[in-house]
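Worksheet: one structure, shown below.
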Amino acid sequence: MANKQVWTATGRRKRSSAQVRLTSGSGKITINGVDVNDYMPYATLVMDLKQPLVATNNESNFDIDVTVKGGGFSGQTGAIRLGITRALLLFDADADQGREDAYRKVLKTAGFVTRDPRVKERKKPGLRKARRAPQFSKR
């Protein structure tokens, strides 16, 4: 039996962190041991995390195994998408980066390479939330 090559990467978004393992295969995606369509509640989230694969024409070339923790479904989707992007960049690292269809060029143009830095702001003392002050009463 030949040893399959595995590309691993980490993606983060909001409070979520995803470990992505990319292996050559038929396009099967599992998240925490469950099929992606059973794990994610909305088809738009599944479509969102598959975007890097669609952009590089690899929907049915890789099997993806994901371990994701923290956050909600939207944050987890963003973390998985960044992890898939980084794993694809590792896969294509040996290829000539000057060509037009280089994965880095395609994924960077689509905006998948950059981590989204937005996280929830911490609560401040004397306020109800991060910036929401208590209601003011004149009398």
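Coordinate-derived values only; no laboratory data. Not measured: the values here are computed from a predicted model. We place every Cβ from the backbone using ideal geometry, glycine too, and count neighbours over all the protein chains shown.
Structure above, values below:
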quantity: Residue satisfying condition, being without any contact (Cβ under 8 Å) to a residue 60 or more places away in the chain and among the small types (Gly, Ala, Ser), within set GLY75, GLY70; calculated: GLY70
quantity: Helices (runs of 4 or more DSSP H) lying entirely in region 25-93 (those with 3 or more residues that are under 11 Å from the mean Cα position of the chain (by Cα)); calculated: 43-49, 73-91
quantity: Count of region 18-57 residues which are under 20 Å from LEU107 (Cα atoms) and either surrounded by fewer than 19 Cβ atoms within 10 Å (Cβ to Cβ) or aromatic (Phe, Trp, Tyr) (or both); calculated: 13
quantity: Residue match in region 42-54 (condition: over 19 Å from THR114 (Cα atoms), free of Cβ contacts under 8 Å to residues at least 12 places away in the same chain and either touching a His at 6+ places or on another chain (Cβ under 9 Å) or hydroxyl-bearing (Ser, Thr, Tyr) (or both)); calculated: yes
quantity: Whichever residue in region 1-24 is among the β-branched types (Val, Ile, Thr) and under 16 Å from the mean Cα position of the chain (by Cα) and, among such residues, is nearest to ILE84 (Cα to Cα); calculated: VAL20
quantity: Residues of region 5-19 that turn out to be charged (D, E, K, R) and outside any loop (DSSP other than H, G, I, E, B), as a count; calculated: 2
